[in-house]
Each structure stands twice: as C-alpha cells, then as structure tokens.
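The values are calculated or read from the model by the stated rules, or taken from the named source; none is laboratory data. Every value quoted in this text rests on a predicted model; they were computed, and no experiment measured them. Using ideal geometry, Cβ is built from the backbone for each residue, glycine included, and neighbour counts are taken over all protein chains shown. These accessible areas exclude ligands, DNA and RNA; they are computed on the full protein's heavy atoms, side chains included. Shrake-Rupley method; radii C 1.70, N 1.55, O 1.52, S 1.80 Å.
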Amino acid sequence: MYAESILNKKAPVLVVEKWISDIPDTKGKFVLIDFWATWCTTYNLVIPQLNQFKTEFENDLIIIGISDESKRKVDKLIEPKIEYYSAIDSRRKSNKLLKLKALPHCIIIDPYGIVRWEGDPLLKGFELTSDVIKDIIKKYKNPKN
C-alpha cells in the first residue's frame with residue numbers, strides 16, 4: 001500500500017505552500033493530483049502521460065502536480081516540461097494527510113469532492129490510462145450516479 005486508502009471518501013483539503021503555475025479553477029471539474037518529486041525516477045514517464053491527459057480531457061479534468069521539494073529544485077527540471085498546474089508543498093502537509101509512503105501517487109477527485117481513483121499511475125495491472133479516466137468521468141459526472 002502506497003498510502004492510506006481514501007477511495008470513495010471525501011478528499012482531504014489540498015495543501016499548497018506555493019503555486020508555481022496559475023491557480024486552477026477546479027469548480028465542477030474532476031481533479032487529478034499527482035504527488036511527485038524530481039528524485040523519483042519515474043517522473044520522466046508520468047509527466048508526459050499527464051500532459052497527454054491534460055489535452056485529452058481538457059473539458060472535464062484539471063491536473064495538478066505537487067512536489068515536496070523546493071521551488072528552486074522543481075524549476076531546474078526542464079525535460080519533460082510540465083504543461084499542467086504545478087505547486088510545491090515542501091512541508092509535506094498533503095503527503096502527511098494522505099499518509100503517503102511512496103511516489104508517484106495520484107488521486108482523482110470527482111466534482112463533488114469524492115476520491116474515485118488512487119495509486120501509482122504506472123503500477124503494472126493497475127495503470128492510470130485514458131480508458132480509466134474516461135470511465136471515471138462517465139460514471140461520476142452525473143450526480144445521480
């Protein structure tokens with residue numbers, strides 16, 4: 001287990017120390033939060049995938065990357081370029097709320113604040129894919145579901 005499960009529970013309040021990008025308007029949107037770090041060797045795989053999701057689901061999904069490192073360290077990352085919203089939480093407040101034990105770790109929150117997906121987006125057999133996101137959006141976009 002990479003974190004304490006909060007699947008199908010109310011998402012904790014997002015803690016951001018400093019926004020590197022603009023602040024996103026998440027109202028009425030699904031929100032994918034990626035907890036990551038430059039020392040985590042898979043960032044070069046996850047960032048391009050999240051960039052693709054940002055384009056593919058731009059009408060329904062906001063993507064936010066949160067690093068627990070300093071802004072200076074994150075700013076040094078040139079490739080791959082992060083094309084989605086980005087913030088830092090060097091005091092690891094969000095990581096502690098989720099009891100994160102490993103990175104990367106993503107959660108997808110529906111427009112009503114409920115976590116609908118969680119985990120390592122690259123975990124074999126449980127990967128976060130376009131089809132997974134499509135299914136989540138289709139299932140949870142309508143509040144009657």
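For the reader, a short list of remarks on this structure follows.
- To put it simply, the accessible area of the chain at a 1.4 Å probe is 53 percent carbon and sulfur.
- Calculated accessible area for the chain comes out at 57 Å² per residue, all protein chains present (probe 1.4 Å; ligands, DNA, RNA ignored).
- Gyration tensor (alpha-carbon) shape descriptor, the chain, a/c threshold 1.5: rounded
- Relative contact order of segment 1-137, taken over Cα pairs closer than 8 Å and 6 or more residues apart, is 38 percent.
- Degrees, to the nearest 10: 43-56 long Cα axis against longest axis of the chain: 40 degrees
- Sorting 121-129, 39-47 by their mean Cβ neighbour count within 10 Å, with the most densely packed peptide first, gives 39-47, 121-129.
- Formal net charge of residues neighbouring Lys81 (Cβ-Cβ distance under 13 Å; K, R +1; D, E -1): -1
- Rounded to 10°, Cα long-axis angle of helix 130-140 versus longest principal axis of the chain: 50 degrees
- Each Cα pair under 8 Å and six or more residues apart adds its separation to the average, and for segment 92-145 the resulting relative contact order is 23 percent.
- Cα gyration tensor, segment 53-124 - rounded (a/c under 1.5), prolate or oblate: oblate
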